[in-house]
Amino acid sequence: MRYLIYNLFRKGICNYPKSNKCFKNLGNRWYASECGEPTEKKGLILGIYEADNNEICLTPSAKKFDEHLCGKLTELIRASRNEIGKWGAKVYNNIEKDFWSIAVVSLGKDGQGYDELEAIDQSLENVRSAAGIGARKLSKQGVTRILVESFGKPEQAAEGAALSLWRYQENKNRENWKTIPSLELFDCPDAESWQRGLFKAESQNLARRLCDTPANQMTPLHFAQEAVNELCPCGIKVEVHDKDWIETKKMFAFLAVARGSCEPPIFLDIHYCGGPPDQKPILLAGKGVTYDSGGLCPKLPDIMSTYRADMSGAACVVATIRAANALSLPLNLNGVIPLCENMPSGMAMKCGDIVKGFNGKSIQISNTDNEGRLLLADALAYGQKTHKPRLIIDIASMTPGIKDALGSAASGVFCNSQTMWCQLRNASIVTGDRVWRLPLWKYFTKQVTSNASHDVNNKGFGQGEPCLAAAFLNEFVYCVDWVHFDITGVGMKSEDKLYTYLTKGRMTGRPTRTLIQFLYQLACPNPET
């Protein structure tokens, strides 16, 4: 069964005005129309560095622009230095005829780099934050076209600006949609890096939109439709399989979760062929629970609505594969996504039930709220048998325990390859979306496999919930490099303002950019890293 309805209007911020037309933006969509009157308001983002003395340290682009204004910008910055330090930015209006507003943003101290203790490149993160703050400030001024200086790092500037401007407003009356400004690079020839940053940000924004859509509008069938809409126009093959097909494949662990809901389960099998035909693919598996009530072990009411984003892993997979195509990565990728709801009903799975997975292992269901590992067990076993991958990456909002341990600071990662872990850690340094490695010890394996009546238990015994979940999944991975992301803390609702370019109270779409960067490094290895 396939659904081949194409989305004619691409979502994201990567289209720019042309000479004889303007592009009017309704939310996240751009529509071309002839313009008789100049309605465009241009804005510009420039940067300054913090200095130990009281001197103004402008970036090269800002210095050049200041010379054009005969030093007027420096005078204004001196007069409002405290405001820039407090808010990170200051907007000046009507100081140059070509720009409605100019935002001057703080980049912190010059010369910052990788901080080993913080596991982050502070200079790259400062650029994202500055570009994001500046873009938001100009958007509030009614600016419709924003030019962003590169700050020496155009890719990160593009990421910060594009991520900060995203809004979820799909369910508002169209008349009340806020216009999202277009973005352009100012005074820098490195358009390739800028465009790469836009591709990454646009992909994360896609994941954010999928996650933020209410569960009644993002059922398994609707998610499959969105995947087809986003991927098929790019030439990526999407196979959409129904319940009958799932039953023929004997994915009984997956079906046990799905049977509690009236919404039929869907299984997506995605094929991106960017490498030679004989190249072994990389398998991406994403948890696709479009609404997780907890089943017969229900979640607390005050957090239940957040679990419309329990398909954040699946959203990351779709967004990552689309970005791989946009970047023309010379890789072969396969995505496997089991989609269903976890609901309580007379047909729902019960605590104590035993089912058989795709690979024949018997699984006892001790907690119906641990449904994600049941879906992924069948998806991983199927993906290995069908696609024979050289590397497996699975992404799932798996356990609340990882949020208790790491908060929204980093994704919890379990990996059976030191080489892959080093590559992934390097990727997270570039993106500023950190990862933290946790153990895959046999200690935890015994906690999920030491059972007299069945092979594995979906809860396990003892503490260390994220490690027990990873140990469970490890029973369905065979002789291949494997990376497991637990993204409950980072991939759902943004609870704080630590990332100034992500909107508080909305879904984050993390760690999409880290996945893209990881694949980029595998496809285009840098001998220096």
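A short reminder: the numbers here are calculations on the coordinates, not readings from a lab. For clarity, every value in this text was computed on a predicted model and none was experimentally measured. Cβ: placed from backbone, ideal geometry, glycine included. Neighbour counts: every protein chain shown.
Near the amide H of A285, under 5 Å away, which other amide H atoms are found, from residues 5 or more places off or on another chain, if H is placed in the peptide plane?
V336, I393, D394, I395
So what is the relative contact order of the stretch 21-189, in percent, for Cα pairs below 8 Å that sit 6 or more residues apart? Spell out each step's value before the answer.
Working: 301 pairs, mean separation 45.4, N = 169.
Computed over the stretch 21-189, the figure is 27 percent.
Choose one of T213, L268, F223: the residue whose Cα lies farthest towards the positive end of the charge dipole of the stretch 210-304 (beta-carbon charges +1 Lys, Arg; -1 Asp, Glu; about the Cα centre).
The Cα lying farthest towards the positive end belongs to L268.
Count neighbours as other Cβ atoms within 10 Å of each site's Cβ, and list the trypsin sites (Lys or Arg not before Pro) in the stretch 66-101 that are DSSP loop with at most 10 such neighbours. Mind showing how you got there, number by number?
Values: sites: K72, R78, R81, K86, K90, K97; in loops: K97.
Here the trypsin sites (Lys or Arg not before Pro) that fit, given the DSSP loop and packing criteria, are K97.
Need the C-alpha centroid separation for the stretch 479-510 versus the stretch 351-385, integer Å.
25
For the stretch 50-144, state the semi-axes of the equivalent ellipsoid (square roots of 5 times the eigenvalues of the alpha-carbon gyration tensor), sorted largest first and rounded to whole angstrom. Before the final figure, lay out each step's value.
Working: eigenvalues 118, 55, 27 Å².
Each semi-axis is the square root of five times an eigenvalue, giving 24, 17, 12 Å.
Any chance you could list the semi-axes, whole Å, largest first, of the equivalent ellipsoid that the Cα gyration tensor gives for the stretch 243-523, using √(5λ)? Walk me through the numbers before you get to the answer.
Values: eigenvalues 140, 96, 70 Å².
Three semi-axes, in Å: 26, 22, 19.
Give a residue-ordered list of calculated ³J(HN,Hα) values for the stretch 385-400 (Karplus: 6.51 cos²θ - 1.76 cosθ + 1.60, θ = phi - 60°; whole Hz; x for Gly, Pro).
Along the stretch 385-400, the couplings run 5, 7, 9, 6, x, 8, 8, 10, 10, 10, 10, 7, 7, 8, 9, x Hz.
Could you give the nm distance between label points at E55 and Q279, where each point is 7 Å from its Cα heading toward the beta carbon?
That separation, rounded to one decimal, is 4.9 nm.
What is the Cα coordinate range of the stretch 21-189 on the first, second and third principal axes, sorted by size from largest, in whole angstrom?
49, 41, 31
For a 24 Å ceiling on Cα separation, which of these pairs sit above it: K249/K361; K172/K200; K237/K385? Kindly include the intermediate steps, with their values, before the conclusion.
Numbers: K249/K361 14 Å; K172/K200 26 Å; K237/K385 19 Å.
Result: K172/K200 exceed 24 Å.
Given a Förster distance of 45 angstrom, what is the FRET efficiency for C351 paired with E83, based on the Cβ-Cβ distance and rounded to 0.05? Could the numbers behind the result be given before it?
Numbers: r = 58 Å, r/R0 = 1.28.
With R0 = 45 Å, the Cβ-Cβ based efficiency is 0.20.
Calculate one ³J(HN,Hα) per residue across the stretch 498-514 by plugging θ = phi - 60° into the Karplus curve 6.51 cos²θ - 1.76 cosθ + 1.60, and present them in order as whole Hz with x for glycine and proline.
5, 9, 5, 8, 10, 6, 5, x, 10, 5, 9, x, 6, x, 4, 5, 5
Volume per residue, Å³, of the convex hull around the alpha-carbon atoms of the chain?
Working: hull volume 82.9 nm³, N = 529.
Dividing the Cα hull volume of the chain by its residues yields 157 Å³.
In whole Hz and in residue order, list the ³J(HN,Hα) couplings for the stretch 101-106 that follow from phi through the Karplus curve 6.51 cos²θ - 1.76 cosθ + 1.60, θ = phi - 60°; x for Gly and Pro.
Taking θ as phi minus 60°, the curve returns 9, 10, 9, 9, 10, 8 Hz for the stretch 101-106.
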